[in-house]
1. Pairs under 7 Å by beta carbon, first residue assigned to a loop (DSSP other than H, G, I, E, B) in region 59-83, partner of a type in the set (Ser, Thr, Tyr), six or more apart or different chains?
2. Anything in region 142-155 that is buried (at least 20 other Cβ atoms within 10 Å of the Cβ) and over 14 Å from the mean Cα position of the chain (by Cα)? List them, or say none.
3. With the condition kept exactly as written, say whether any residue in region 204-223 is in contact (Cβ under 8 Å) with a residue 12 or more places away in the chain, at positive phi and assigned to a loop (DSSP other than H, G, I, E, B).
4. In region 134-148, is there at least one residue being among the basic types (Lys, Arg) and not in a helix (DSSP H, G or I)?
5. Could you figure out which of (1) without any contact (Cβ under 8 Å) to a residue 60 or more places away in the chain; (2) buried (at least 18 other Cβ atoms within 10 Å of the Cβ); (3) of a type in the set (Lys, Arg) isn't true of residue 91?
6. Mind checking which residues of region 112-146 are farther than 30 Å from residue 41 by Cα, touching a residue at least 60 places away in the same chain (Cβ under 8 Å) and of a type in the set (D, E, K, R)?
7. Restricting to region 1-47, give me the number of residues that are charged (D, E, K, R) and part of a loop (DSSP other than H, G, I, E, B).
8. Exactly one of these conditions fails for residue 41: (1) exposed (fewer than 15 other Cβ atoms within 10 Å of the Cβ); (2) of a type outside the set (A, V, I, L, M, F, W, C); (3) more than 16 Å from ligand 1 (Cβ to nearest atom). Give me its number.
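Just so you know, all these numbers are worked out from the coordinates, no wet-lab data involved. Bear in mind that the values here come from a model prediction, so they are computed numbers and not experimental data. With ideal geometry, Cβ positions are generated from the backbone for all residues, glycine too; neighbour counts draw on all protein chains shown.
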Amino acid sequence: MANSKYEYVRHFETDDSLLPNTWIIIRIDGKGFHKFSQSHKFNKPNDRRAIDLMNHCAKAVMKELHDIMLAYGQSDEFSFVFPKWSNLYSRRASKLVSTVVSIFTANYVLAWPQFFENVCLAYAPSFDSRAVCYPSDQNLRDYLAWRQADCHINNLYNTTFWSLVLNGGKSEQEAEKALCGSFSKDKHEILFSDFQINYNNVEAIYRKGSTVIRLPQEVTYVSAKTKELGTRIKKIPTAVFEDIISPEFWDKYQLLLPD
Ligand code: ATP
Ligand code: ATP
Ligand code: MG
Ligand code: MG
Ligand code: MG
Ligand code: MG
């Protein structure tokens, strides 16, 4: 396109390219999802439909942006990990955060009816998004450990809180008071003694959050030439509900962090 006298305004754009040779994390988080979950009558403490929808959206992002190595999600948030070598959008922060959050949000709305059958979207949900760089593999693992520890703390609290409210006859204020200043072992004890819940037996998807990685799977395809059915191995974004703090996870999936 021909240069116009207006072209100079482009130089007002600032360089926001992220530090080279660092892990890039893009974290998205639902805007006002406390209210959104109430407006759409999410089951408490965990609405499985909402988690499945979040995981579906994370997979959609990974199917479109092939550089993403892993995504970790819990509650209304998801973190997407780009490897150090990624040069997507020349590592421009605004391009990366906006593209990830936009693909995620568009899929959230598009797939809503599939996951929330007979529940109308009352208003358009939105997500915020940020980019952070981590220089070392240890930093990256500590970041993911931080999010999974957050998942654990919140889920233990929420599971106990909602047991007290839904099955213990307490009001929300009373439940909050009962848990004020309590330690982790106190919550385990309340769950076990009052509600016969062994917290360790709560489904892993709630306790550990969801980690989406590209796992090899056999897929069938129709050959364009012969029209015959064939199978091949393809790496498909898949959710696992494992402990990502422990070294075992990184030993098991060694391709994620090759030496
Ligand atoms: P902000 O806009 O600052 O992020 P927020 O209301 O979204 O505010 P968060 O700290 O992000 O606050 O918390 C998200 C809230 O969404 C949770 O506290 C919980 O109430 C609700 N929520 C998210 N996912 C689920 C789910 N699967 N089941 C039930 N509730 C959920
Ligand atoms: P990128 O991802 O780099 O932005 P792009 O394909 O979106 O690639 P753009 O330069 O943003 O490229 O151009 C948008 C294109 O979308 C236009 O060239 C045109 O083909 C199409 N388009 C957008 N709006 C309309 C419209 N209202 N009617 C017809 N075509 C449109
Ligand atoms: Mg937020
Ligand atoms: Mg939120
Ligand atoms: Mg949140
Ligand atoms: Mg465009």
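1. 67/86
2. The one that is buried (at least 20 other Cβ atoms within 10 Å of the Cβ) and over 14 Å from the mean Cα position of the chain (by Cα): 155.
3. Yes; the residues of region 204-223 include at least one that is in contact (Cβ under 8 Å) with a residue 12 or more places away in the chain, at positive phi and assigned to a loop (DSSP other than H, G, I, E, B).
4. Taking every residue of region 134-148 in turn, none turns out to be among the basic types (Lys, Arg) and not in a helix (DSSP H, G or I).
5. (1)
6. Residues satisfying the conditions are 137, 141.
7. Within region 1-47, residues that are charged (D, E, K, R) and part of a loop (DSSP other than H, G, I, E, B) number 8.
8. Evaluating residue 41 over (1) exposed (fewer than 15 other Cβ atoms within 10 Å of the Cβ); (2) of a type outside the set (A, V, I, L, M, F, W, C); (3) more than 16 Å from ligand 1 (Cβ to nearest atom) leaves (3) as the failure.
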